[in-house]
1. Quote the FRET efficiency, to the nearest 0.05, computed for residue 31 versus residue 95 with a Förster distance R0 of 41 Å and r equal to the Cβ-Cβ distance.
2. Can you check what the net charge comes to around residue 30, using other residues whose Cβ is under 13 Å from the Cβ of residue 30 (Lys, Arg +1; Asp, Glu -1)?
3. In which sequence would 26, 37 go, from the one with the fewest C-beta neighbours within 10 Å to the one with the most?
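What follows draws every value from the coordinates through simple rules; no lab data is involved. What you are looking at is a predicted structure, and each value in this text was computed from that prediction instead of being measured. Cβ placement follows ideal geometry from the backbone for every residue including glycine, while neighbour counts extend to all protein chains displayed.
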Amino acid sequence: MMTAIERPHRNSVRWAERGGSPSRLVLEEQEALALKVHGNGLKVECLSGEVWVTAEGEDRVLAKGETFSTMRRGCLLAILAFRRSEIRVGPVSARDYERAEWRV
C-alpha cells in the first residue's frame, strides 16, 4: 500500500523522476516542487486539492482526479499547490499519456 509523503523528500522525488514507483506527495498551500523529466516521462495526478502544473510553456490547473503527462526528456516540470493538495507523481506509459486530460 502506498502512503502519502507529508513533506516531499528529495529521494522520493528523484525516484519518481527516474521512473520508479509512483510517489504520493502532500504539498501545503503555496508549496512548490520542480522535477526534471527523465526516462519515458512523468505523470502527475491530483488526488485532492488543486495544483498548477507547468512544463515547456504549457500551464494547467489540475483538480481532484485530473492528470497531466509529459514524455519530453530533460523537460522541467513545476508544480504549485493553491491549497493543501495531494498528488501522485510517477512514470507515464504511452497508454497513460494518450488518456491524460493534459499532456505535453
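1. With R0 = 41 Å, the Cβ-Cβ based efficiency is 0.85.
2. -2
3. Lowest to highest Cβ neighbour count: 26, 37.
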